[in-house]
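Read-outs throughout are calculated quantities, based only on the coordinates presented, and are distinct from any laboratory measurement. This one's a predicted model, so the numbers in the text were calculated from it and none came from an experiment. Please note: Cβ atoms are built from the backbone with ideal geometry, for glycine as well, and neighbour counts cover all protein chains shown.
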Amino acid sequence: MAEISAQLVKDLRQKTGAGMMDCKKALSESDGDITKAMEWLRQKGITSAEKKQGRAATEGMIDSYIHTGGRIGVLVEVNCETDFVARREEFQTLVRDIAMQIAAYGNVEYVSTEDVPQEIVEKEKAIEKGREDLQGKPDNIKEKIVQGRIDKRLKELSLLDQPFIKDQSITVDEYIKQSIATVGENIKVRRFARFVLGESPEAQEEESSQE
């Protein structure tokens, strides 16, 4: 069995918000593999961050970020549960980081994959099913390939699934969960808008449809 170091337990606690003993147990059950330990915690319903994510979040703040040169701007609304947390430096740092993330990833259009409209999903499926490299393959194999490509495409559109710009080893979703564990409240990105100098909304939609 792999040795479970204090640093490994600390890392798992930061990622999940679970208690120390639960993290030790998860790492022991997963032979020190932090990814498997996170899955174990989720399966057991122990992860405190995920428990908090079911709670209502109606406070928070709207923030803006203007990229260097003034050619890209972002407006984002991030919610928490209380005004007290909204005023905390940790929360305000998170909101600013998310705004910077949106500015950096121009392909992101939705908060999560669940927000992608069904008509876009169906359109992407139709495109993938018509690709030449799938012709002649058995239907069951074709469906698996298409679904895999669709899942990848939806994640490309989703803010929460992007690698966090300040730590590429975690996603934006995992960064938010770490913040939930820190402040003790649910945090949710509600909506955002990204503006590019000289680009019309019609041009943005056309570019998105051609990707």
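Tabulated results
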| read-out | value |
| --- | --- |
| Percent of Cα pairs exceeding the 21 Å cut-off, where the set is the chain | 62 percent |
| Longest to shortest principal axis, alpha-carbon extents of the range 68-135, angstrom | 56, 34, 17 |
| From phi via Karplus (6.51, -1.76, 1.60), per-residue ³J(HN,Hα) for the range 105-120 in Hz, x at Gly/Pro | 10, x, 7, 6, 10, 9, 5, 9, 5, 5, 8, 5, x, 4, 5, 6 |
| Phi to ³J(HN,Hα) by Karplus 6.51 cos²θ - 1.76 cosθ + 1.60 over the range 74-85, Hz, x for Gly, Pro | 9, 10, 9, 10, 10, 9, 9, 8, 9, 5, 4, 5 |
| Under-14-angstrom lysine pairs by C-alpha in the range 6-46, whenever the two are 8 or more apart or on separate chains | 9 |
| Sites D31 and D151 - FRET efficiency at Förster radius 22 Å, r taken between beta-carbons, to 0.05 | 0.20 |
| Estimated Rh, the range 6-46: Kirkwood, alpha-carbon pairs, angstrom | 9.4 Å |
| Structure-based [θ]222 nm, the chain - -39500 (n - 2.57) summed over DSSP H runs of at least 4, per residue, nearest 500 | -16000 deg cm²/dmol |
| Sorted peptide list for 59-66, 179-186, 123-130, criterion being average Cβ within 10 angstrom, highest first | 179-186, 59-66, 123-130 |
| Radius ratio Rg over Rh of the range 117-156, counting only Cα atoms, Kirkwood formula for Rh | 0.97 |
| Amide H contacts under 5 Å for I170, placed H, 5+ residues apart | F164 |
| Karplus-derived 3J(HN,Hα), 6.51/-1.76/1.60, for each residue of the range 185-197, Hz, glycine and proline x | 9, 5, 10, 9, 7, 8, 6, 7, 9, 10, 10, 10, 4 |
| Qualifying lysines (Cα of each under 21 Å from Cα of K125; at least 8 residues distant if same chain) | K137, K142, K144, K152, K155 |
